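Undergrad: Have a look at this one.
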Amino acid sequence: MVSCPLSLQPTAQYGISKPISLSAPTKLDMERNSRLEQFLEESGLYETEEDDENRKKVLGLLDRVIKDWVKNLTKKKGYTDKMVEKANAIILTFGSYRLGVHGPGADIDALCVGPSYVNREKDFFIILHDILAEMEEVCELQPVPNAYVPVMKFKICGISVDLLYASICLLVVPEDLDISNESVLHNVDEPTARSLNGCRVADQILQLVPNAEHFRTTLRCLKLWAKRRGIYSNVTGFLGGVNWAILVARICQLYPNAIPSMLVSRFFRVYTQWRWPNPVILCATEEHELGFPVWDPRKNPLDRTHHMPIITPAYPSMNSSYNVSMSTLGIMMEQFQFGRVMCEEIELNRAQWSSLFEPYLFFESYKNFLQLDLIAEDVGDLHAWKGWVQSRLRQLTLKIERDTDGMLQCRPHPDEYIDTSEHRLHCALFVGLRRKKEVGLEEKIFDLRKAMEEFKCAVHLYMFWKPGMLIRFSHVCWREIPAFVFPVGYKRRRFKRKKDADDEDMKPQKGAKQSCIKRKQDAENENIALSPPSGNRSKSRETCQKGWRSSILYFFVSFLAKSNVAETRGAVFESSLKPTIRSSLTLTV
């Protein structure tokens with residue numbers, strides 16, 4: 001339970017500006033706060049003591065593994081017995097676990113800090129990887145060495161772990177290493193600095209908020225809300241844990257005496273009016289003699305392209321939300337507006353807290369989708385393949401935005417779905433497509449073939465590709481969404497027909513190039529059709545309808561040679577496509 005500061009108001013200024021309000025909570029605020037805390041408990045956001053002990057045991061096991069790993073490496077590299085005895089590495093946590101807002105089933109973000117002679121490329125991603133692969137307690141091992149922050153993902157004793165590595169400029173790593181001291185950044189590369197900053201940022205956030213407990217409760221609440229509304233995913237261009245933490249921390253600074261129920265309401269009130277790309281900053285950024293680049297759009301032209309800057313407080317300050325695109329920013333602003341309206345209803349006693357957390361019905365909100373089917377030979381391969389494709393999915397949405405001049409909105413769905421009817425291991429990803437509201441009502445044709453071809457090239461660069469890994473694309477309308485994405489017994493909602501728009505839409509397209517089937521528009525007057533190949537323009541309307549589902553873009557990856565990966569796979573892919581398939585994925589909106 002949170003305590004309420006009724007009389008003592010902090011006089012210190014938190015953040016880079018004065019607070020908006022120093023008002024203390026009223027009796028009604030306290031009542032709403034009690035109902036909010038009760039809702040969070042009923043939603044299962046808090047771990048039991050047994051679960052917490054299991055996490056500590058996992059961290060203890062991981063700590064012993066990396067200590068043995070470093071000692072063995074020290075011996076193999078020819079150091080003295082005394083040096084082998086002193087050799088050490090430590091495990092530090094960051095993210096939700098370090099902030100104290102983790103819940104049941106949440107993963108552990110961990111950082112392994114090792115000595116200067118133990119490197120990331122070979123010692124961490126090859127030798128430690130092989131050690132973990134041989135452990136019975138470890139499964140779903142997935143290295144991602146080329147990520148912006150290189151990471152090794154796996155499950156140990158049933159708990160998911162994202163493990164980073166940082167080699168610092170010390171021969172012996174002390175157990176009581178002060179990670180907040182900037183001396184740890186001496187003579188390290190940028191990936192190492194980014195890895196170290198996970199812990200440093202978490203500590204800074206907790207120091208920069210007026211009340212850590214109010215901050216934690218509010219952050220738990222908004223993370224749950226973001227997941228329910230489908231906008232909690234850094235990898236797909238929305239916001240991840242550290243982004244939400246910084247946004248919430250800034251609201252805590254602006255309302256230092258507010259309690260969680262007030263902070264949630266103020267969160268939506270402030271960010272629906274925020275003038276992006278003005279940055280969210282918790283403290284003044286500073287330069288340092290170490291010379292790492294610091295986010296500063298006045299000096300760095302690339303920083304001016306960021307749409308939703310959320311700046312980390314620890315040196316070197318950087319934009320933690322560089323993944324956000326114009327489409328995902330627009331989607332999040334729509335959801336912030338939804339949150340603001342619901343909070344106003346709650347404050348007027350017209351709604352309950354559960355109304356704010358109503359799940360977003362993704363498949364009932366769009367009429368057109370890109371479906372990405374991923375196939376692999378075994379569970380481990382599928383997990384790795386899925387992780388790689390998801391890490392590149394943001395690039396696909398950016399390319400589509402580029403090729404459509406920003407007029408087509410892409411909404412990646414953060415969840416994946418499994419088709420149990422497939423004879424091979426399978427999962428599917430979906431991207432919702434619709435024209436942006438500010439675009440006029442006249443018909444538009446969008447050709448996505450170039451974006452798909454470039455995305456294919458990016459996917460083929462996966463360094464851990466194995467035979468049997470396959471990806472295929474298809475465009476599906478809302479009627480053709482596969483049944484496996486819905487719960488058993490779920491009844492799909494029917495879109496209401498707009499006579500003034502739909503009657504006109506049911507007429508055939510004019511011109512040979514637009515002789516495909518016209519489909520009903522949705523609320524935004526949207527329609528998508530697959531363009532037929534030039535040699536089959538005389539194909540009948542009935543044949544087009546039957547061929548709709550068969551006009552799928554396949555990536556034939558399973559039979560490609562391992563040598564000359566990028567060139568060979570690209571050549572085989574190009575030669576294996578039929579003309580009918582090459583000319584698909586032209587969207588008429």
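Undergrad: So in region 313-331, with the set limited to residues that are touching a residue at least 60 places away in the same chain (Cβ under 8 Å) and more than 25 Å from residue 206 (Cβ to Cβ), which one is surrounded by the most Cβ atoms within 10 Å (Cβ to Cβ)?
TA: Among residues in region 313-331 that are touching a residue at least 60 places away in the same chain (Cβ under 8 Å) and more than 25 Å from residue 206 (Cβ to Cβ), the one surrounded by the most Cβ atoms within 10 Å (Cβ to Cβ) is 328.
Undergrad: Please give the strands (runs of 3 or more DSSP E) falling wholly within region 114-204 in which 2 or more residues are open to solvent by less than 60 Å² (accessible area, probe 1.4 Å) and under 30 Å from residue 282 (Cβ atoms).
TA: Result: 151-156, 159-167.
Undergrad: Could you grab me the full set of residues in region 448-473 that are within 17 Å of residue 393 (Cα to Cα) and open to solvent by less than 10 Å² (accessible area, probe 1.4 Å)?
TA: 448, 451, 452, 455, 456, 459, 460, 469, 471, 473 - these are the residues of region 448-473 that are within 17 Å of residue 393 (Cα to Cα) and open to solvent by less than 10 Å² (accessible area, probe 1.4 Å).
Undergrad: Among 236, 218, which is crowded, with 23+ Cβ neighbours inside 10 Å, at pLDDT below 95 and either within 17 Å of the chain's Cα centre (by Cα) or not aliphatic (A, V, I, L, M) (or both)?
TA: Selected residue: 236, the only one of 236, 218 that is crowded, with 23+ Cβ neighbours inside 10 Å, at pLDDT below 95 and either within 17 Å of the chain's Cα centre (by Cα) or not aliphatic (A, V, I, L, M) (or both).
Each row is one residue, and each column tells you yes or no for (1) among the acidic types (Asp, Glu); (2) in contact with a strand residue (DSSP E or B) (Cβ under 9 Å, 6 or more places away or on another chain); (3) assigned to a strand (DSSP E or B).
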site: 406; (1), (2), (3): no, no, no
site: 411; (1), (2), (3): no, yes, yes
site: 420; (1), (2), (3): no, yes, no
site: 433; (1), (2), (3): no, yes, yes
site: 454; (1), (2), (3): yes, no, no
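Undergrad: Can you tell me which residues in region 298-330 are in a helix (DSSP H, G or I) and under 16 Å from residue 247 (Cβ atoms)?
TA: If the condition is that a residue be in a helix (DSSP H, G or I) and under 16 Å from residue 247 (Cβ atoms), then 328, 329 are the ones that fit.
Undergrad: Hey, could you check region 345-383 for residues that are outside any loop (DSSP other than H, G, I, E, B) and open to solvent by 50 Å² or more (accessible area, probe 1.4 Å) and say which is modelled with the lowest pLDDT?
TA: Only one residue tops the list, namely 379.
Undergrad: For residues in region 461-491 being without any contact (Cβ under 8 Å) to a residue 60 or more places away in the chain and assigned to a loop (DSSP other than H, G, I, E, B), which is nearest to the chain's Cα centre (by Cα)?
TA: 487
Undergrad: Scan region 280-296 residue by residue and report those that are open to solvent by less than 40 Å² (accessible area, probe 1.4 Å) and part of a loop (DSSP other than H, G, I, E, B).
TA: Selection gives 281, 282, 283, 292, 294, 295, 296.
Undergrad: What are the residues in region 406-425 that are modelled with pLDDT of 85 or more, more than 14 Å from the chain's Cα centre (by Cα) and either open to solvent by 50 Å² or more (accessible area, probe 1.4 Å) or of a type outside the set (A, V, I, L, M, F, W, C) (or both), if any?
TA: 409, 417, 418, 425
Undergrad: Search region 56-78 for residues that are over 23 Å from residue 153 (Cβ atoms) and pair each with any residue that is surrounded by fewer than 18 Cβ atoms within 10 Å (Cβ to Cβ) when their beta-carbon atoms are under 7 Å apart and the residues are at least 6 apart or on different chains.
TA: Qualifying pairs under 7 Å: 71/84; 74/83; 74/84; 75/84; 77/117.
Undergrad: While we're looking at this one, here's another question. Please go through region 17-49 and give me each residue that is outside any helix (DSSP H, G or I), open to solvent by less than 80 Å² (accessible area, probe 1.4 Å) and closer than 18 Å to residue 104 by Cβ, ordered by number.
TA: Those that are outside any helix (DSSP H, G or I), open to solvent by less than 80 Å² (accessible area, probe 1.4 Å) and closer than 18 Å to residue 104 by Cβ: 43, 44, 45, 47, 48.
Undergrad: Kindly list the number of the only condition in (1) aliphatic (A, V, I, L, M); (2) open to solvent by 20 Å² or more (accessible area, probe 1.4 Å); (3) free of Cβ contacts under 8 Å to residues at least 60 places away in the same chain; (4) touching a Cys at 6+ places or on another chain (Cβ under 8 Å) that fails for residue 400.
TA: (2)
The values are calculated or read from the model by the stated rules, or taken from the named source; none is laboratory data. Everything numeric here is computed off the predicted structure, so don't read it as measured data. Reconstructed Cβ throughout: ideal geometry from the backbone, glycine too, with neighbour counts over all protein chains shown. Note: areas computed on protein heavy atoms with side chains; ligands, DNA, RNA excluded. Shrake-Rupley method; radii C 1.70, N 1.55, O 1.52, S 1.80 Å.
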